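Asker: One structure follows; several queries about it will come next.
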Amino acid sequence: MNEAFLATYLAHNPMEITSNELKTYALYWIWVILSLIRSSSSDVKAEWVERLAWTLQHEFR
């Protein structure tokens, strides 16, 4: 996620959320989407697998 977006969001919505919790949330939704697109084209699946890989490698701060 964009760091500026997160900083602004948290400034207006003061909640404590760890980077690990944010990553878990993102991974959960990617998993849901991957299950929904099982019958989609290989291009669509490949895009979401790339998003999954990026999310797994990215450090959310």
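The values are calculated or read from the model by the stated rules, or taken from the named source; none is laboratory data. Keep in mind it's a predicted model, so treat the numbers as computed, not measured. Note that we place each Cβ from the backbone using ideal geometry, even for glycine, and neighbour counts take in every protein chain shown. Heads up: the accessible areas ignore ligands, DNA and RNA and are worked out on the full protein's heavy atoms, side chains in. Shrake-Rupley method; radii C 1.70, N 1.55, O 1.52, S 1.80 Å.
Asker: Can you find a residue in the stretch 33-47 that is without any contact (Cβ under 8 Å) to a residue 40 or more places away in the chain and under 12 Å from the mean Cα position of the chain (by Cα)?
Answerer: Checked against the condition, which is being without any contact (Cβ under 8 Å) to a residue 40 or more places away in the chain and under 12 Å from the mean Cα position of the chain (by Cα), the stretch 33-47 yields at least one hit.
Asker: Another one. Which ranges mark the helices (runs of 4 or more DSSP H) fully within the chain that have 1 or more residues being touching a Lys or Arg at 6+ places or on another chain (Cβ under 8 Å), open to solvent by 100 Å² or more (accessible area, probe 1.4 Å) and modelled with pLDDT under 85?
Answerer: The qualifying helices (runs of 4 or more DSSP H) are 3-12.
Asker: OK, next. Condition first: more than 16 Å from ARG61 (Cβ to Cβ) and either within 16 Å of the chain's Cα centre (by Cα) or charged (D, E, K, R) (or both). Now tell me which residues in the stretch 1-32 satisfy that.
Answerer: Matches in the stretch 1-32: LEU27, TYR28, TRP29, ILE30, TRP31, VAL32.
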